[in-house]
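To start, the structure itself, in structure tokens.
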Amino acid sequence: EYPQDELIKQSGAFFLNKYLSIFGTIDIETSNVEINGEINGVMYCWQVCIGDTEGKTRHIYIGRKWSDLIRFFAVLGYMYNLTDKHKMAFYIHNAAFEFQFFRSVFNIGEMFASKKRVPITFDIDDVFEMRCSYKLSNMGLAKFCESEQVQHGKRTGYDYNKTRYSDTFLNDEELLYCVDDV
């Protein structure tokens, strides 16, 4: 067992004022499902990319259940010794969409919003600050990727009408879509 400070040092991360020097992006994939005559969104895949500020290092993590994402965040919090004074930032493109799901799964703390349930930033468990890259950039994801010269931009041709669940098999093309989407 390494103490938490040693894990932070080994990862090459350090705190810049209040925030960890590495950051993440997060995205979820959902299907619309009719339940008792109402359309509901169901998350079937989540993906997280963690990288350094120079863009030299990127790690992508994929999970299929909320319990796995909750555990993933718990491990990150422990690994980087995150507190309300030492946070990790995550960017979400169109955070208002993910927020509708996150608010029923996570403890939402401080929030800055342009209107009700349309956050620009919000905290999860007081240690992760979620930032809306759509609101901050004022660009759709495809335009944002083009502007930032992202190597793997948003894929086209994905079947959004197919109903998928957390236990639905995802083929290679569907998994690549998830990876590129984050």
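The values are calculated or read from the model by the stated rules, or taken from the named source; none is laboratory data. Not measured: the values here are computed from a predicted model. Cβ coordinates were reconstructed from backbone atoms using ideal geometry, including for glycine residues, and neighbour counts include every protein chain displayed. Just the protein is used for accessible areas: all its heavy atoms, side chains included, with ligands, DNA and RNA removed. Shrake-Rupley method; radii C 1.70, N 1.55, O 1.52, S 1.80 Å.
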Exercise. Thr168 fails exactly one of the following numbered conditions: (1) surrounded by fewer than 15 Cβ atoms within 10 Å (Cβ to Cβ); (2) modelled with pLDDT of 95 or more; (3) touching a Ser or Thr at 6+ places or on another chain (Cβ under 7 Å). What is the number of that condition?
Worked result: (3)
For this session: Run down Ile39, Ile35, Ile60 and say which single residue is at pLDDT below 90, closer than 30 Å to Asn161 by Cα and out of contact with any Lys or Arg (no Cβ under 9 Å at 6 or more places or on another chain).
Result: Ile35
Problem set entry | Candidate set: region 92-120, residues that are closer than 19 Å to Asp27 by Cα, out of contact with any Phe, Trp or Tyr (no Cβ under 7 Å at 6 or more places or on another chain) and aromatic (Phe, Trp, Tyr); chosen: the one least open to solvent (accessible area, probe 1.4 Å) | Phe102
Exercise. How do the pairs read when you match residues in region 91-114 that are in contact (Cβ under 8 Å) with a residue 12 or more places away in the chain and among the charged types (D, E, K, R) with residues anywhere that are open to solvent by 30 Å² or more (accessible area, probe 1.4 Å) and in a strand (DSSP E or B), using Cβ under 8 Å and keeping only pairs 6 or more apart or on different chains?
Worked result: Glu110/Thr121
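Scan region 72-91 for residues that are open to solvent by 30 Å² or more (accessible area, probe 1.4 Å) and more than 13 Å from Tyr134 (Cα to Cα) and jot them down.
Within region 72-91, the first condition is being open to solvent by 30 Å² or more (accessible area, probe 1.4 Å), and the residues that meet it are 72, 74-75, 78-79, 81, 83-86, 91.
Answer for region 72-91, where residues must be open to solvent by 30 Å² or more (accessible area, probe 1.4 Å) and more than 13 Å from Tyr134 (Cα to Cα): Phe72, Ala74, Val75, Tyr78, Met79, Asn81, Thr83, Asp84, Lys85, His86.
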